[in-house]
Structure formats: C-alpha cells, structure tokens
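Visitor: Below are the structure tokens for one structure; questions will follow.
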Amino acid sequence: MLFQGGFSFSNFLADLVAVFVFVVWFWLLFVVAGDLFRRHDISGWGKALWVIALILASYIAIFAYLITQGRGMAERNMQRAEHAREELRRVVGFSVADEIDKLDRLKNSGSITSAEFDRLRTRLVQ
C-alpha cells in the first residue's frame, strides 16, 4: 500500500491509480520499443541510443519519442495495416469485381438502396 493506516477507500484509490500508471507506462514502453525496432530509417546506433534513453529515463524518453516521432508512428501503423489488409485480400482471394457484383445483386433484390449501393461501391473502389 502507498499509505499507512490500513485499508481505506483513499488507500484503495491511490493503489488503483498507481497500478493504472504502471500499466500505462508498460504499454507505452512496448509501443515505443515495437515502433523503434520496426523502423528501417534509423541506424542501429540511433536505436541503441533510444534504448539507452528508454532505460535510463523511461518517462522522459517515452514522451520525447512520442512528441518527436508521433506522426511517423501513425504513418507507419497505417502502412502496416494497409499492407496486412492487402495481404489478406491476396490470400483470401478478394476481388473488387466480385464484391461489386455481390452489391449489384443486393441492390437488384431490394436489400440495399441505390444510395447504399453507391456509398459501398465507392468504398470498394478506393
């Protein structure tokens, strides 16, 4: 417990906040380390310096990485997600033409309206 005096509601809340902060710190540490080691645009020495900073000054280094590299992290995450989506489509056999044909059949049967058909078709084509 953080405070002396036995079990009380304030001690419970303080312990809950401490556990939450600890879990968030670990989560941020794994996110930053994962992004750092997946990067191809910085050298091994640069990665080593970031790791040393993460070990010696964890919170400051995590926040510095998020501030300086946050936009790049988001772009790399979007690229990885798009690559995974394309790989899944390739493996499963997704075809835009097949999906448009399915949408056309749904429209002809009356299951979807013309507006829904147009909206879903533009989403597929993008």
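Visitor: Got a number for residues in the stretch 19-69 being loosely packed, with under 12 Cβ neighbours inside 10 Å and more than 15 Å from the chain's Cα centre (by Cα)?
Guide: Within the stretch 19-69, residues that are loosely packed, with under 12 Cβ neighbours inside 10 Å and more than 15 Å from the chain's Cα centre (by Cα) number 19.
Visitor: Scan the stretch 95-113 and tell me whether some residue there is within 30 Å of residue 29 (Cβ to Cβ), hydrophobic (A, V, I, L, M, F, W, C) and surrounded by 12 or more Cβ atoms within 10 Å (Cβ to Cβ).
Guide: To start, the set of residues in the stretch 95-113 that are within 30 Å of residue 29 (Cβ to Cβ) comprises none.
Looking for residues that are within 30 Å of residue 29 (Cβ to Cβ), hydrophobic (A, V, I, L, M, F, W, C) and surrounded by 12 or more Cβ atoms within 10 Å (Cβ to Cβ), one finds none in the stretch 95-113, hence no.
Each reported figure results from applying straightforward, stated rules to the coordinates on display, with no laboratory input. Note that the coordinates shown come from a computational prediction; the quantities given were computed from them, not determined experimentally. Note that we place each Cβ from the backbone using ideal geometry, even for glycine, and neighbour counts take in every protein chain shown.
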